[in-house]
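Structure first, then comments.
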Amino acid sequence: MIFAFLYPFSRAVTAAVVFFTSIFSGAGLAAALGNAPPSLQPPEWPVWVHEHWVWENEGTQESITEMVEDYRALGIPVGVIQIDRPWATECNTFIPDPERYPDLAEYVSKWHGMDIRVLIWATSVVNENASNFQEAFDKGYFLNNGKTVKWWAGKGAFIDYDNPEAVAWWHGQMDKILDMGVDGWKVDGADIHMLKLVLPWNKKGPVSWTKYKKQSYGDFFYYTREKLGKDRVISARPANDMLDIGLPLQFTGRDINFAGWVGDQDHSWEGLRAALDSLFLASLHNHVSSGSDIGGFRSGKTGAYDPPKDVFIRWAQLGAFCPIMENGGGGEHRPWMLDGSGETAAIYKKFTLLHHALIPYIYSQAAYSYERRLPMMRPAAGKYQYLLGDDILVAPMVEEGNERKITFPTGEWIYMFDETKTYTQGVKTLTFPLDEFPVFIRKGAIIPMEADGITTIHIYPVNGTKQFGLYEENKPGAMLSYTLDGNGLVFKSTPTDRQLKLCVHSDGDVKTIDIGDATAGVEIAV
């Protein structure tokens, strides 16, 4: 593989940038690029993208509904489902398969009634055996006069986005699904196959991949929002080694891909590390929110149809500490089906609930990161380590066993699963049982978490003043802060509609104060 050296090299470069800027700034990449105060203005994406996503590689309207109900019966929340290929009569006819999804519109309404968002798989390629191909071909709506190329889902031609009539026709095709009120698209990476045209062109002249991918992903994003509103999204590759040759490729821009997914990996430790490589490549391009297929998409070199239990659990834990937590792919991905003891499902539930509890932190830090042109996942010094936002250090388990060598940055770091354990700068080898994960909170942090309608503000105080911007969807957020000095600890919040609780963590002890209504703001001496 000619370019195989680039993948780890790219990750090393990212880590080196963060490492050296942290040395000079004392507070990581965020400080090096500027720490303007949080604007507290509503982000460009909805909160729901940070909820738990599930999908099937080859599903039906009944099987997906049953899967969601099974998750919820175990107390595992589901916020988003993806309807993946094959769901249509052929790729991009936008006509539901009468055997798999005969009542798709009805089921979209049903899923919405369950408070679940729905994304539909699509690309900008129309296969030559699709029912809508001939019309588009006859009217000149494709690149290169309709020349077809082979791609992984058939043989087809590419929509010409420079042709206004072609775009209007294409929107009419999309409307068959958008009129059902879906919440967005999983836009797969077929666009790179347009390079097989050798010299892609239309009536205006040559068409580069750089131009075409911007047109394709942008059209799915902007047209859907124009028709249905700002709470619609696309999920697409930010950057990854789609060609499996070690060459990192960027697919989408950070301003339209707020729910990135880093492509297909194997059911293996190698696949998990490849997912992290792609997540870190997305960070190189300052993508704010991305995730990966928990457990991997394909059997790959191992030949295993299902992901191994330990790989799946460690990948699920990684997913819980990504901005996007999504689970689906080839083989078995339902956690209760991966062992007979119930251990996998129990651990999966624990970390999915933790991810959901962290959504106020994730949404707020993603918003603040986006304002500063930063990724939410910031590769750090150490093997496959990153900061999730400003104050959570994650060191994913990336190989078999329970030992992990961790490089701790400056400051003091509190182990999330046992706050009596703290660590300072240096390299340490630690052990983590299967139901725990290497996650550490920076001492001094403010971490908002939510459960049962109550937002608990966790404070890990150090001397001085600390602020945290708590962002909200469709309305201005609130500024949380504390000051610790010789007179004690004072917590403040600007007005918020949230019901608040305060937890102060100090030397392993926790003091809890029920605040309740905070619509007039809060100032409390603790």
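Values as computed for the structure displayed
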read-out	value
Pair list, Cβ < 6 Å and 6+ apart or interchain, from region 345-371 residues that are within 13 Å of HIS52 (Cα to Cα) to residues that are polar (S, T, N, Q) and modelled with pLDDT of 95 or more	PHE351/GLN317
Criterion violated by ALA366 - all others in (1) surrounded by fewer than 17 Cβ atoms within 10 Å (Cβ to Cβ); (2) over 19 Å from VAL311 (Cβ atoms); (3) in the same structural domain as PRO46 (by TED's automatic domain parsing) satisfied	(1)
Filter result for the condition that a residue is of a type outside the set (Lys, Arg), at pLDDT 95 or above, crowded, with 19+ Cβ neighbours inside 10 Å and over 24 Å from the mean Cα position of the chain (by Cα), over PRO438, PRO433, PRO409, PRO396	PRO409
Test result for GLY340, in a loop (DSSP other than H, G, I, E, B) and in contact with a Phe, Trp or Tyr (Cβ under 9 Å, 6 or more places away or on another chain)	no
Qualifying residue in region 289-307 (condition: modelled with pLDDT of 90 or more, surrounded by fewer than 22 Cβ atoms within 10 Å (Cβ to Cβ), assigned by TED's automatic domain parsing to the domain that holds LYS186 and part of a helix (DSSP H, G or I))	no
Exclusive hit being aromatic (Phe, Trp, Tyr) and either free of Cβ contacts under 8 Å to residues at least 12 places away in the same chain or touching a strand residue (DSSP E or B) at 6+ places or on another chain (Cβ under 7 Å) (or both), set PHE437, PHE408	PHE408
Candidate set: region 220-241, residues that are in a helix (DSSP H, G or I) and touching a residue at least 40 places away in the same chain (Cβ under 8 Å); chosen: the one farthest from ARG273 (Cα to Cα)	LYS227
Which numbered condition TRP151 misses (of (1) in the same structural domain as GLY291 (by TED's automatic domain parsing); (2) in contact (Cβ under 8 Å) with a residue 40 or more places away in the chain; (3) under 28 Å from the mean Cα position of the chain (by Cα))	(1)
Hits in region 128-172 - residues which are aliphatic (A, V, I, L, M) and out of contact with any strand residue (DSSP E or B) (no Cβ under 8 Å at 6 or more places or on another chain)	ALA168
Within region 181-238, considering residues that are among the small types (Gly, Ala, Ser) and out of contact with any helix residue (DSSP H, G or I) (no Cβ under 9 Å at 6 or more places or on another chain), the one surrounded by the most Cβ atoms within 10 Å (Cβ to Cβ)	GLY218
When residues of region 239-254 are limited to those that are of a type outside the set (S, T, N, Q) and at pLDDT 90 or above, the one surrounded by the most Cβ atoms within 10 Å (Cβ to Cβ)	PHE251
Yes/no for THR424 being part of a strand (DSSP E or B) and either of a type in the set (Ser, Thr, Tyr) or on the phi > 0 side of the Ramachandran plot (or both)	yes
Conditions (1) assigned to a loop (DSSP other than H, G, I, E, B); (2) of a type outside the set (Phe, Trp, Tyr); (3) assigned by TED's automatic domain parsing to the domain that holds ASP514: number failed by LEU374	(3)
Tally of residues being touching a residue at least 60 places away in the same chain (Cβ under 8 Å) and either surrounded by fewer than 17 Cβ atoms within 10 Å (Cβ to Cβ) or in contact with a strand residue (DSSP E or B) (Cβ under 6 Å, 6 or more places away or on another chain) (or both) across region 52-64	5
Tally, over region 255-270, of residues that are touching a residue at least 40 places away in the same chain (Cβ under 8 Å), charged (D, E, K, R) and either surrounded by fewer than 23 Cβ atoms within 10 Å (Cβ to Cβ) or under 12 Å from PHE312 (Cα atoms) (or both)	1
Counted residues, region 107-127 - those being outside any loop (DSSP other than H, G, I, E, B), out of contact with any Asp or Glu (no Cβ under 7 Å at 6 or more places or on another chain) and among the hydrophobic types (A, V, I, L, M, F, W, C)	6
Selection count, region 411-432, where residues are within 20 Å of ILE446 (Cα to Cα), without any contact (Cβ under 8 Å) to a residue 24 or more places away in the chain and of a type in the set (S, T, N, Q)	2
Identity of the residue in region 48-64, outside any helix (DSSP H, G or I) and of a type in the set (Phe, Trp, Tyr), that ends up farthest from ILE116 (Cα to Cα)	TRP55
Scan of region 150-180 for residues that are surrounded by fewer than 20 Cβ atoms within 10 Å (Cβ to Cβ) and assigned to a strand (DSSP E or B), ordered by number	LYS150, GLY154, LYS155
Region 73-96: number of residues that are of a type outside the set (A, V, I, L, M) and closer than 22 Å to TYR348 by Cβ	5
In region 386-405, the residues that are under 14 Å from PHE432 (Cβ atoms), in contact (Cβ under 8 Å) with a residue 40 or more places away in the chain and either among the acidic types (Asp, Glu) or outside any loop (DSSP other than H, G, I, E, B) (or both)	LEU393, VAL394, GLU399, GLU400
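Results for (1) surrounded by fewer than 22 Cβ atoms within 10 Å (Cβ to Cβ); (2) over 21 Å from the mean Cα position of the chain (by Cα); (3) modelled with pLDDT of 95 or more; (4) part of a loop (DSSP other than H, G, I, E, B), shown as yes or no for each residue.
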{"site": "PHE19", "(1), (2), (3), (4)": "yes, yes, no, no"}
{"site": "PHE24", "(1), (2), (3), (4)": "yes, yes, no, no"}
{"site": "GLU44", "(1), (2), (3), (4)": "yes, no, yes, yes"}
{"site": "GLU66", "(1), (2), (3), (4)": "yes, yes, yes, no"}
{"site": "GLY75", "(1), (2), (3), (4)": "yes, yes, yes, yes"}
{"site": "GLU90", "(1), (2), (3), (4)": "yes, yes, yes, yes"}
{"site": "PRO102", "(1), (2), (3), (4)": "yes, yes, yes, yes"}
{"site": "ALA105", "(1), (2), (3), (4)": "yes, yes, yes, no"}
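The values are calculated or read from the model by the stated rules, or taken from the named source; none is laboratory data. Worth saying up front: this structure is predicted, and the values here are computed from it rather than measured. Ideal geometry is used to build each Cβ from the backbone, glycine not excepted, and the neighbour counts take in all protein chains shown.
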